[in-house]
Amino acid sequence: MSHSGHVVFLGPPGSGKGTQAELLAKELGAVKISTGDILRSHVSRKTALGEVARPIMERGELVPDDLIVALIREELAGDGKRVIFDGFPRTLAQAEALDRMLSEIGQVIDRAVLLEVPEDQLVERLLKRARLEGRSDDNEATIRHRLEVYRSQTEPLVDYYRNRGILVTISGLGSIDQVFADLKEAVGWR
Ligand code: AMP
């Protein structure tokens, strides 16, 4: 397997990208960076960023690009390991900022993985997660809003990476193991 760049995961909330990103990170010995997890940690620690992010996350909207880009910049200052990005970038501005930050350190994104799941399934999955994990942004109205935000602000990134020839699309339906097997097959890392 010859693979050296970083990987971004695209896909709507509830598509399972956090789970798949985690599995892939383990498989590759890479680091997973999840902006959602980092933000939730700030919220629970009540940091200044957490206080700003909390109401935005509860509404199902996106935290401003400059705050997110600053977070990522800190994370990238790490040990130069391969990174699997989960939930980032979510806007074109974030994707462009990521490219700039990486090019400054001579690194690239070389795969974008899109997990596809039909809308009705997403709502069902997210409602289930709300019951299991008690996430405050997983109520039905917020879920629908987060899906709209995904369609309008994040989905354009699919073309951004497709035009670069690094997009891999897989179905997010089926068991976690099945999806992961498809993922490895699609990226040729099996
Ligand atoms: P997630 O766990 O990835 O679904 O993220 C949960 C929430 O955190 C999102 O609905 C946003 O409010 C916020 N968030 C996470 N990642 C980003 C990002 N890259 N840009 C803006 N907001 C984000």
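Every number here is computed from the coordinates shown, using simple stated rules; none is lab data. This is a predicted model, so every value here is computed, not measured. Reconstructed Cβ throughout: ideal geometry from the backbone, glycine too, with neighbour counts over all protein chains shown.
Once the gyration tensor of the Cα atoms in the chain is diagonalised, the equivalent ellipsoid follows with semi-axes of 24, 21, 15 Å, ordered largest first.
Residue-wise HN-Hα couplings along region 110-117, as the Karplus relation 6.51 cos²θ - 1.76 cosθ + 1.60 with θ = phi - 60° gives them from phi, are 10, 8, 10, 9, 9, 9, 9, 9 Hz; Gly and Pro carry x.
When the P(r) of region 76-126 is calculated, the portion above 13 Å amounts to 68% of the C-alpha pairs. Cross-link partners of K81 among lysines, defined as those whose alpha carbon lies under 30 angstrom from its own and excluding same-chain residues fewer than eight positions apart: K17, K26, K32, K46, K184. Loop-resident trypsin sites (Lys or Arg not before Pro) (DSSP state other than H, G, I, E or B) in region 1-92 with no more than 10 further Cβ atoms inside 10 Å of their Cβ: K46. Put simply, the convex hull of the Cα atoms in region 123-186 casts, on average, a shadow of 5.4 nm². For region 49-62, backbone phi angles converted through the Karplus equation (6.51, -1.76, 1.60; θ = phi - 60°) give residue-by-residue couplings of 4, x, 5, 6, 6, 3, x, 5, 5, 5, 7, x, 9, 9 Hz, Gly and Pro being listed as x.
Computed from label points 7 Å out along Cα-Cβ, the spacing between Q178 and S41 is 3.4 nm. In this structure, S136 and R162 have a Cβ-Cβ separation that, at R0 = 41 Å, corresponds to a calculated FRET efficiency of about 0.75.
Of the GluC sites (Glu not before Pro) found in region 39-73, those that fall in a DSSP loop while having at most 16 other beta-carbon atoms within 10 Å are E61.
Tally Lys/Arg at +1 and Asp/Glu at -1 over every other residue whose Cβ is under 10 Å from the Cβ of I109; what's the total?
0
Here is the P(r) of region 112-157: all C-alpha pair distances, binned every 10 Å from 0, give 26, 52, 22, 0 in whole percents.
Computed from the Cβ-Cβ distance with R0 of 30 Å, the FRET efficiency linking L28 to A70 stands at 0.70.
When the Gaussian network model of the chain links Cα atoms closer than 10 Å, the mean-square fluctuations of L98, L126, L49 top out at L49.
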